[in-house]
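The values are calculated or read from the model by the stated rules, or taken from the named source; none is laboratory data. Predicted, not measured: the structure shown is a model, and the values here were computed from it. FYI the Cβ positions are ideal-geometry reconstructions off the backbone, even for glycines, and counts take in every protein chain you see.
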Amino acid sequence: MNNQKIQGERCVLCDQEKKEGIHILEAFLCKECERELVKLEPEHPTYAEKIKKLRKLKSQRLLS
Ligand SMILES: [Zn+2]
């Protein structure tokens with residue numbers, strides 16, 4: 001068992017702390033979610049939804 005605290009960043013999509021990931025629009029996206037996004041076609045409704053979520057998050061930060 002590993003009791004070490006995960007020193008990662010909170011993913012904006014799955015809301016979990018992950019060590020590996022990328023930054024999109026200043027938001028952290030974990031590897032798993034990134035892979036999921038890449039898999040999706042840009043025309044796919046889920047893709048647009050996730051991008052929208054990222055944008056919304058960014059605008060919330062800008063407003064605060
Ligand atoms: Zn994630």
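Scan segment 25-38 and report the pairs whose first residue is aliphatic (A, V, I, L, M) and whose second residue is within 8 Å of the ligand (Cβ to nearest atom) and part of a loop (DSSP other than H, G, I, E, B), with Cβ atoms within less than 9 Å and a gap of 6+ or a chain change.
If the second residue must be within 8 Å of the ligand (Cβ to nearest atom) and part of a loop (DSSP other than H, G, I, E, B), the pairs left are Ala27/Cys11; Ala27/Val12; Ala27/Leu13; Leu29/Cys11; Leu29/Val12; Leu29/Leu13; Leu37/Leu13.
Which number in (1) more than 11 Å from the ligand (Cβ to nearest atom); (2) surrounded by fewer than 13 Cβ atoms within 10 Å (Cβ to Cβ) marks the one condition that Asp15 misses?
In the conditions (1) more than 11 Å from the ligand (Cβ to nearest atom); (2) surrounded by fewer than 13 Cβ atoms within 10 Å (Cβ to Cβ), Asp15 misses (1) alone.
Looking only at segment 19-39, how many residues end up being at pLDDT below 90, more than 10 Å from the ligand (Cβ to nearest atom) and outside any strand (DSSP E or B)?
The qualifying residues number 4.
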